[in-house]
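Reading through the structure tokens given below for one structure.
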Amino acid sequence: MEAEMKNINEIKKSKYNIEISLNGNWVIYNTLKNSMLELNEEFYSYYKNNKIVSEKITQKFYEYGLWLDKDYDEIKELKMLYLRKIYSSDYLNLTIKTTNNCNFNCVYCYQDHLKTNLENDVILKIKNFIDKKVENDNIKYIFIHWFGGEPLINPQPIFDIENYILKKYKNIDLKSSMTTNGYLLNKKNIEKLKNTQINSFQITIDGNSDEHNKTRKTNQGENTYDKILKNIKNILEKSNFEILIRINVNKNNSDINKFLIQMEKNKLLNNNRISFHFNEAKKMDISYTNKDIFYQSVKEYSKDLLLIYNLLLNKKIKIPFYFTKGYNCEFDRLNTYLINTDGKFYRCSSSEKEEAFYLGDINSKGELFKNAKSFYNKMLRDPFESKKCFDCKVMPWCMGGCGFLKVKKINECIPEKYIINDLIKLYYKESKNEKNFKF
């Protein structure tokens, strides 16, 4: 229906609008469209009362998803987005463990670090599996995330598998990345990795040097902070790789000001090739008993997360941005798997010790024999079945939460839910430096 033909009885507001009074105006944020509009009192009254005063204003409210036709069903839109995203089959996303071995002994790590590597027989099975998927699913994109353990303990499979794909499938877009503790990212290894499709590394630095060295030592008990920073600086100087620095936040390292000061001294702040990701530190078996270190709830953690984001904004560092992608996690999707060193497929990178998340195994021909129960549990999970989620304004962001935790009967919300109004204020302040949302 054309905007000029509408009347007040044909319009409703989106259930995903969040309204915030700020500096004498109103900021309206829509979590489904990831849109934000600043309104003065006059225009806010038009919006609030569904008052049509001009075609231009009406179109703007519709464009930003703030107004909808009265009979429009946003839940159906979100469901269609979810189904389209998770059942898309023109891509293949593999997290491949080159080894379970690790050179670190992190206090919160959930992995056993068995000294098992990805061997040639399993590498051949993976290649054959990729061949089968390309043949059957019309694959256009392949993304590989190299994982461990510490993947650089056994890097040869990276070159072997990537070169195989590049030579055989010229028309497929191959990209890759790596999660690494950064300790082995020395000059020699960086030069070698320039010959791969890797474009980014995720490296964990748990706060300032003192806090990091408490939780992330080598197996021999050596500190690791200085060497990791040295390697990061070399990467920035001698290559084009991007770096995501992950900080596992606990009660001891949540004051990140010292960390940022050290980053600044090393010229690692405000670099367009470095981004930051903050995650609540957890160890599933002790998190809620060790109250001195670990948060007792996501809500408790969210308070410190907000303090961190405020500090980032003051330092002119880009705040990590939550947005609607149609699913909670990449591992929710049909063609996304974790492959262990033994060739077994699992639901995600946190689940390889859990039989309930074992998805199947591949034979020598590359055929995946699915564990039907686990596979169906993954693909048929309904993020809309919970009324709590159904009615939540951040549903488009979290899409029902982590599927791994849901199976374990842990019903956690994302931390952003508890700080949503303050978070939008931060987004607004940040956007003022980039784009004018005022209307």
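The values are calculated or read from the model by the stated rules, or taken from the named source; none is laboratory data. Fair warning: this is a prediction, and the values are worked out from it, not measured in the lab. When we count neighbours, we look across all protein chains shown, and the Cβ atoms used for this are built from the backbone with ideal geometry, even at glycine.
Can you confirm whether Y295 is in contact with a Ser or Thr (Cβ under 9 Å, 6 or more places away or on another chain), assigned to a loop (DSSP other than H, G, I, E, B) and either at pLDDT below 90 or of a type in the set (D, E, K, R) (or both)?
On the way: in contact with a Ser or Thr (Cβ under 9 Å, 6 or more places away or on another chain): yes; assigned to a loop (DSSP other than H, G, I, E, B): yes; either at pLDDT below 90 or of a type in the set (D, E, K, R) (or both): no.
It is false that Y295 is in contact with a Ser or Thr (Cβ under 9 Å, 6 or more places away or on another chain), assigned to a loop (DSSP other than H, G, I, E, B) and either at pLDDT below 90 or of a type in the set (D, E, K, R) (or both).
Does L359 satisfy the condition of being farther than 27 Å from D131 by Cα and hydrophobic (A, V, I, L, M, F, W, C)?
Working: farther than 27 Å from D131 by Cα: no; hydrophobic (A, V, I, L, M, F, W, C): yes.
Considered against the rule, which asks whether it is farther than 27 Å from D131 by Cα and hydrophobic (A, V, I, L, M, F, W, C), L359 comes out as no.
Taking the condition of being closer than 17 Å to Y91 by Cβ, of a type outside the set (F, W, Y) and either outside any strand (DSSP E or B) or not assigned by TED's automatic domain parsing to the domain that holds T341 (or both), how many residues in region 111-165 meet it?
So the answer is 15.
Determine which member of the set N213, N186, N138 is out of contact with any strand residue (DSSP E or B) (no Cβ under 7 Å at 6 or more places or on another chain), surrounded by fewer than 20 Cβ atoms within 10 Å (Cβ to Cβ) and on the phi > 0 side of the Ramachandran plot.
Among N213, N186, N138, only N138 is out of contact with any strand residue (DSSP E or B) (no Cβ under 7 Å at 6 or more places or on another chain), surrounded by fewer than 20 Cβ atoms within 10 Å (Cβ to Cβ) and on the phi > 0 side of the Ramachandran plot.
Looking only at region 219-264, which residues are in contact with a helix residue (DSSP H, G or I) (Cβ under 7 Å, 6 or more places away or on another chain), of a type outside the set (A, V, I, L, M, F, W, C), surrounded by 15 or more Cβ atoms within 10 Å (Cβ to Cβ) and outside any loop (DSSP other than H, G, I, E, B)?
Within region 219-264, Y225, Q262 qualify.
Can you tell me which of K214, K267, K251 is more than 23 Å from Y110 (Cβ to Cβ) and modelled with pLDDT under 95? Quick ask: steps written out before the conclusion?
On the way: K214 fails: more than 23 Å from Y110 (Cβ to Cβ); K251 fails: more than 23 Å from Y110 (Cβ to Cβ).
Checking each option against the conditions leaves just K267.
What is the one condition in (1) farther than 23 Å from K429 by Cα; (2) surrounded by 17 or more Cβ atoms within 10 Å (Cβ to Cβ) that L32 does not satisfy?
Going through the list (1) farther than 23 Å from K429 by Cα; (2) surrounded by 17 or more Cβ atoms within 10 Å (Cβ to Cβ), L32 breaks only (1).
Scan region 322-332 and give yes if some residue there is in a strand (DSSP E or B) and either modelled with pLDDT under 95 or of a type in the set (A, V, I, L, M) (or both), otherwise no.
Taking every residue of region 322-332 in turn, none turns out to be in a strand (DSSP E or B) and either modelled with pLDDT under 95 or of a type in the set (A, V, I, L, M) (or both).
Considering only residues that are within 22 Å of N34 (Cβ to Cβ) and either touching a Lys or Arg at 6+ places or on another chain (Cβ under 8 Å) or part of a helix (DSSP H, G or I) (or both), which ones fall in region 400-412?
Filtering region 400-412 for residues within 22 Å of N34 (Cβ to Cβ) gives 400-402.
Listed by number, the list holds a single entry, G400.
Might you check whether a residue that is loosely packed, with under 15 Cβ neighbours inside 10 Å and under 26 Å from the mean Cα position of the chain (by Cα) occurs anywhere in region 111-118?
yes
Restricting attention to region 367-375, does a residue exist that is buried (at least 17 other Cβ atoms within 10 Å of the Cβ), modelled with pLDDT of 85 or more and in a loop (DSSP other than H, G, I, E, B)?
Yes: one or more hits.
So that you can scan it fast, the table gives a plain yes or no per residue for (1) closer than 30 Å to I20 by Cα; (2) aliphatic (A, V, I, L, M); (3) touching a residue at least 12 places away in the same chain (Cβ under 8 Å):
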| residue | (1), (2), (3) |
| --- | --- |
| T58 | yes, no, yes |
| D69 | yes, no, yes |
| K76 | yes, no, no |
| M80 | yes, yes, no |
| N93 | no, no, yes |
| Y110 | no, no, yes |
| L124 | no, yes, yes |
| K133 | no, no, yes |
| F159 | no, no, yes |
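Any chance region 185-204 includes a residue that's small (G, A, S) and within 25 Å of the chain's Cα centre (by Cα)?
yes
Can you find even one residue in region 76-85 that is under 22 Å from the mean Cα position of the chain (by Cα), outside the structural domain of K140 (by TED's automatic domain parsing) and surrounded by 18 or more Cβ atoms within 10 Å (Cβ to Cβ)? Break it down stepwise before answering.
Of region 76-85, the ones under 22 Å from the mean Cα position of the chain (by Cα) are 78-85.
Pick out the ones that are also outside the structural domain of K140 (by TED's automatic domain parsing) and you get 78-85.
Right, trim to surrounded by 18 or more Cβ atoms within 10 Å (Cβ to Cβ) and you get 78, 82.
Yes, region 76-85 has at least one match.
The rows are residues; the columns are (1) in contact (Cβ under 8 Å) with a residue 24 or more places away in the chain; (2) of a type in the set (D, E, K, R); (3) touching a strand residue (DSSP E or B) at 6+ places or on another chain (Cβ under 9 Å).
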residue	(1), (2), (3)
E355	no, yes, no
L359	no, no, yes
K365	yes, yes, no
L380	no, no, no
F404	yes, no, no
I410	no, no, no
I420	yes, no, yes
Y428	yes, no, yes
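V107 passes all but one of (1) assigned by TED's automatic domain parsing to the domain that holds D160; (2) modelled with pLDDT of 95 or more; which number fails?
Unmet condition: (2).
Given F294, F323, which one is among the aromatic types (F, W, Y), over 19 Å from the mean Cα position of the chain (by Cα) and over 30 Å from K188 (Cβ atoms)?
Exactly one residue qualifies, and that residue is F294.
Does N328 meet the test of being closer than 26 Å to G148 by Cβ and either touching a residue at least 40 places away in the same chain (Cβ under 8 Å) or in the same structural domain as K97 (by TED's automatic domain parsing) (or both)? Even if it seems obvious, please write down each step before you answer.
On the way: closer than 26 Å to G148 by Cβ: yes; either touching a residue at least 40 places away in the same chain (Cβ under 8 Å) or in the same structural domain as K97 (by TED's automatic domain parsing) (or both): yes.
For N328, the condition - closer than 26 Å to G148 by Cβ and either touching a residue at least 40 places away in the same chain (Cβ under 8 Å) or in the same structural domain as K97 (by TED's automatic domain parsing) (or both) - is met.
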